[in-house]
Amino acid sequence: MHEDTMGNRLSRIYTRTGDDGSTGLGGNQRVAKDHPRVAALGDVDETNATIGLILSAPGVPADIAGQLLGIQHDLFDLGADLAYPLDAQGEQLRLRAEHITRLEDLLDRHNAGLSPLKEFILPGGTPAAAACHLARTVCRRAERSVVTLSREEKLNTILISYLNRLSDLLFVLSRVLNEQGRRDILWQPDRTRAQS
């Protein structure tokens, strides 16, 4: 989009163009607001917003904050790939295989310092870890939405892989942010829970 167009678009918040229940995609295409592509875009946007919650929590180390900020930019690129349907040649737009490699490198690096899990853990612990768990669950929903859309329309296949690795990374980061797993809350099956 041309810079002047973007500036004009952002200077006026309401346009009234969506009052008929439709919304605009890339390439001047309009679809219903409940179209699977719009649902996927919304879930990716919500994933990005929940990562913002992690960043607003106290105690997030600077290196992790920098990594999450980079991921927020990636998610905007992912949304752009969703907003612009692939052309006839199926060319990828913004996300590429190296984005997956970057997430896998972060996963390996952060997971290396954690003790192996022997039990499931409950979402919670520190505020930053709890926000990370929330972001993980929203990211899984975004992944499901993109899979649903991929059954109807041709997509950049990297998008599904990226969301899959991101949800894994958010789980690992929740443990890192729980003081390297020391504040993880372990699931206790019903037979072992104290009765209240």
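Dipole of segment 121-196 (Lys/Arg Cβ +1, Asp/Glu Cβ -1, origin at the Cα centre): which of 139, 162, 188 lies farthest to the positive side?
It is 188, whose Cα lies furthest towards the positive end.
At 0.36 nm per residue, minus the direct Cα-Cα distance, what do residue 114 and residue 100 gain on full extension? Give it in nm, one decimal, please.
Numbers: separation 14, 0.36 × 14 = 5.04 nm, distance 2.16 nm.
Contour length minus the Cα-Cα distance gives 2.9 nm.
Give the Kirkwood hydrodynamic radius (Å, one decimal) of segment 59-168, defined as one over the mean of 1/r across all pairs of different Cα atoms.
Numbers: mean 1/r = 0.0649 Å⁻¹.
Over segment 59-168, the inverse of the mean reciprocal pair distance is 15.4 Å.
Just grab the label-to-label distance for residue 185 and residue 154, each label 7 Å out from Cα along the Cβ direction, in nm (one decimal).
With each label placed 7 Å out from Cα toward Cβ, I get 4.7 nm.
Using every pair of alpha-carbon atoms in segment 107-158, split the distances into 5 Å bins beginning at 0 and state the percent of pairs per bin, rounded to integers.
4, 15, 14, 20, 17, 12, 11, 6, 1
Taking Rh as the Kirkwood radius, which is the inverse of the mean 1/r over Cα pairs, what is the Rg/Rh value for segment 134-196? Intermediate results must be reported in sequence, preceding the final value.
Numbers: Rg = 16.6 Å, Rh = 14.0 Å.
In segment 134-196, Rg relative to Rh is 1.19.
Each value in this text was obtained by applying a stated rule to the coordinates, not by laboratory testing. Since the structure is predicted, the reported quantities are computational estimates derived from the model, not experimental observations. Because the Cβ atoms are built from the backbone with ideal geometry, glycine has one as well, and the counts that use them run over all protein chains shown.
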